[in-house]
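Visitor: Sharing a structure with you now.
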Amino acid sequence: MNKTAVPRVAAAFPAPARIGALILAAILALALLAPVVSTHAPLQTDLAGALRGPSDGHLFGQDRLGRDVFAQVAYGARASMLIAFAVVTLTVIAGVAAGAAAGYLGGAVDALVMRIVDIFLAFPGILLAIALAGVLGPNLVNLVIALSVMGWVGYARLVRAQVLGLREREYVAAARAGGAGPWRVIVHHILPNALSPVIVQATFSAAGVIIAESSLSFLGLGPQDVPTWGGLISQGAAYLLYAPHIAFFPGLFIMLAVLALNLVGDALRDSLDPKSR
């Protein structure tokens, strides 16, 4: 084995990034294995144990209805990760398609897409999400829609800038000369060379989605049929002096998830774009 391989790997994935990846993997494992690791159902009530702190039977304590906070945090991880994945996937697809079309086709298509982007940028993102979630109703699908409406804009601008710099390259001109159509050129020749910053942006965006989802759930605009981290904090806010564990543990997991995604995003940015170091 090449003796320089280990230092190169360590440089590409520094200690903070490895810590972030481990935290993120643990949260994802908790989300996937929530029914296995939870000894209680998340909505199972026990009024006799209401507001009790952490104990052997309830690792994170119990809420105002005696429900197990650990089970709710575990299922909340599932909801947060699912929402983050769905929102990032939808916004990446929509943003990449719009940005690639605007950057490569130019002209009227570029002007139209950029004017739509400008209109969306005129609205504060979180306020628009609150308005949409309030109109559509508090459930998981509507929350994903509300958070996706603004998210595609950043990807569209990013991809458009990348495509504008790539569309005049020699290999793109050669593909056009060979008879390749616009979408074939975009998909097979331009996008593979333009997606590195999109991957980095998606990692940071996932952290932003978790915060936004928690904010909307805190306001009562999140799904009502499943536990969410923001909903738990909202519930625990009234009992901070008597039962701080109700809000502390979901808040801790929000912090850890956002920290992990940002650490991984920093490492990806430095790895895919050494000039940003």
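The values are calculated or read from the model by the stated rules, or taken from the named source; none is laboratory data. Not measured: the values here are computed from a predicted model. Note: ideal-geometry Cβ built from the backbone for every residue, glycine included; neighbour counts use all protein chains shown. Surface areas here come from the heavy atoms of the whole protein model, side chains and all, with no ligands, DNA or RNA. Shrake-Rupley method; radii C 1.70, N 1.55, O 1.52, S 1.80 Å.
Visitor: Name the shape class, rounded, prolate or oblate, that the alpha-carbon gyration tensor gives for the stretch 79-177, where a ≥ b ≥ c are the square roots of its eigenvalues, rounded holds for a/c under 1.5, and otherwise prolate holds if a/b is larger than b/c and oblate otherwise.
Guide: prolate
Visitor: Under a 10 Å cutoff between Cα atoms, tell me which one of Asp68, Asp266, Asp225 has the largest fluctuation in the Gaussian network model of the chain.
Guide: Asp225
Visitor: Same structure, new question: Quick check: the distance between the Cα centres of the stretch 151-174 and the stretch 213-244, to the nearest angstrom?
Guide: Answer, in whole Å: 41.
Visitor: Another question, then. So which trypsin sites (Lys or Arg not before Pro) in the stretch 127-170 pass both tests, a DSSP loop state and at most 14 other Cβ atoms within 10 Å of the Cβ?
Guide: Here the trypsin sites (Lys or Arg not before Pro) that fit, given the DSSP loop and packing criteria, are Arg169.
Visitor: Using a probe of 1.4 angstrom, how much of the accessible area of the stretch 1-160 is carbon and sulfur, in percent?
Guide: Summing carbon and sulfur atoms, their accessible area is 73 percent of the total for the stretch 1-160.
Visitor: Can you bin the chain into rounded, prolate or oblate? Criterion: square roots of the alpha carbon gyration tensor eigenvalues sorted a ≥ b ≥ c, rounded for a/c under 1.5, prolate for a/b above b/c, oblate for the rest.
Guide: oblate
Visitor: State whether the stretch 168-277 is rounded, prolate or oblate according to the following rule on the C-alpha gyration tensor (a ≥ b ≥ c being the square roots of its eigenvalues): a/c under 1.5 gives rounded; otherwise a/b larger than b/c gives prolate, and the remaining case gives oblate.
Guide: prolate
Visitor: Among Leu121, Leu158, Leu28, which one shows the biggest mean-square fluctuation in a GNM of the chain, springs joining Cα atoms closer than 10 Å?
Guide: Leu121
Visitor: Right, here's the next one. I need the helices of the chain that pass two filters: whole DSSP H segments spanning 30 Å or more by Cα along the axis, and mean Kyte-Doolittle score no lower than 0.0.
Guide: Those that clear 30 Å and a mean of 0.0 are 69-105, 140-166, 196-218, 245-272.
Visitor: While we're looking at this one, here's another question. Taking only protein heavy atoms into account and a 1.4 Å probe, give the accessible area per residue of the stretch 193-277 in Å².
Guide: In whole numbers, the stretch 193-277 has 45 Å² accessible per residue.
Visitor: Accessible area per residue, 1.4 Å probe, Å², for the stretch 57-139: what's the number?
Guide: 42
Visitor: Determine the gain in length on full extension of the stretch Leu259-Ala108; use 0.36 nm per residue of separation and subtract their C-alpha separation, reporting nm with one decimal.
Guide: So the chain would gain 50.2 nm between Leu259 and Ala108.
Visitor: Efficiency by 1/(1 + (r/R0)^6): what FRET value for Ser55 and Leu28, r their Cβ-Cβ distance, R0 = 30 Å, to the nearest 0.05?
Guide: Calculated transfer efficiency: 0.65.
Visitor: Then there's this: What size of dipole, in debye to the nearest 20, comes out for the chain about its Cα centre when the only charges are +1 on Lys and Arg C-beta atoms and -1 on Asp and Glu C-beta atoms?
Guide: With only Lys, Arg, Asp and Glu charged at Cβ, the dipole is about 780 debye.
Visitor: At 1.4 Å probe size, what's the solvent-accessible area of Trp152? Round to the nearest 10 Å².
Guide: 40
Visitor: Another question about this same structure. How much of the accessible area of the stretch 222-277, in percent, comes from carbon and sulfur atoms when a 1.4 Å probe is used?
Guide: Roughly 64 percent, rounded to a whole number.
Visitor: Within the stretch 44-60, whose backbone N sits under 12 Å from a point 7 Å along Cα→Cβ of Tyr242?
Guide: 50-52
Visitor: Shifting gears a bit: Highest GNM mean-square fluctuation, the chain, Cα pairs closer than 10 Å: which of Leu82, Leu127, Leu191?
Guide: Checking each option, the largest mean-square fluctuation is seen for Leu127.
Visitor: On full extension of the chain, what length is gained from Asp118 through Gln224, given 0.36 nm per residue of separation minus the C-alpha to C-alpha distance?
Guide: 34.8 nm
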